[in-house]
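The values are calculated or read from the model by the stated rules, or taken from the named source; none is laboratory data. Just so we're clear, the structure is a prediction, and the values are computed from it rather than from any experiment. Cβ sites come from the backbone with ideal geometry, for glycine too, and all protein chains shown count toward neighbours.
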Amino acid sequence: GKPPYDPANIFARILRGEIPCQRVDESEHALAFHDIAPQAPVHVLVIPKGDWVSAADFHAGASNAAIAGFWRLVAKVARDLGLEDRGYRLLSNMGEDAGQEVAHFHVHLFGGRRLGRMVP
Ligand code: 5GP
């Protein structure tokens, strides 16, 4: 089964201010910050403030307001970083097969160069 949310994960610690981050934007429901090991000229992580491990938590545990607030911040960051014209990519790894490293739901936002074909 699905493991419970671990409040010691690194993104929970960033949310609590125990670990610094290069903040891009923040709202009531979400925080956006630069990935520590950027894979593109723009590589931002957007994380919800709720205790979500994966998209499985979308159908239970997360309120509609929290889900909407999260995606609104994703869209705002993409717009504010000037990525709407040339485009960008969102990616989210869920669980072991996808190689999810941090057990707090997050969306990667990549942009600033041609990203090539997405492969599984
Ligand atoms: P995942 O593999 O779980 O989809 O992505 C985790 C991402 O978090 C990786 O791209 C990794 O570079 C990033 N990351 C891991 N630890 C930290 C950290 O302490 N600070 C920041 N800003 N990014 C981190």
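Values computed for the structure shown
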{"item": "Of the criteria (1) farther than 14 Å from SER92 by Cα; (2) more than 16 Å from the ligand (Cβ to nearest atom); (3) free of Cβ contacts under 8 Å to residues at least 40 places away in the same chain, which one HIS34 fails", "result": "(2)"}
{"item": "Region 73-98: number of residues that are in a loop (DSSP other than H, G, I, E, B) and more than 15 Å from the chain's Cα centre (by Cα)", "result": "7"}
{"item": "Qualifying residues in region 41-52 (those that are within 11 Å of the ligand (Cβ to nearest atom) and aliphatic (A, V, I, L, M)) - the one farthest from MET94 (Cα to Cα)", "result": "VAL44"}
{"item": "Within region 1-31, considering residues that are within 10 Å of the ligand (Cβ to nearest atom) and among the aliphatic types (A, V, I, L, M), the one surrounded by the fewest Cβ atoms within 10 Å (Cβ to Cβ)", "result": "ILE19"}
{"item": "Qualifying residue in region 105-113 (condition: crowded, with 18+ Cβ neighbours inside 10 Å, closer than 21 Å to ASP6 by Cβ, modelled with pLDDT under 95 and aliphatic (A, V, I, L, M))", "result": "no"}
{"item": "ASP6 being in contact with a strand residue (DSSP E or B) (Cβ under 7 Å, 6 or more places away or on another chain) and charged (D, E, K, R)", "result": "no"}
{"item": "Any chance ASP51 is in a loop (DSSP other than H, G, I, E, B) and either in contact with a strand residue (DSSP E or B) (Cβ under 7 Å, 6 or more places away or on another chain) or in contact (Cβ under 8 Å) with a residue 40 or more places away in the chain (or both)", "result": "yes"}
{"item": "Residues within region 54-110 that are more than 16 Å from the ligand (Cβ to nearest atom) and either more than 28 Å from PRO41 (Cβ to Cβ) or in contact (Cβ under 8 Å) with a residue 60 or more places away in the chain (or both), tallied", "result": "11"}
{"item": "Filter result for VAL46 (among the hydrophobic types (A, V, I, L, M, F, W, C), assigned to a loop (DSSP other than H, G, I, E, B) and within 12 Å of the chain's Cα centre (by Cα))", "result": "no"}
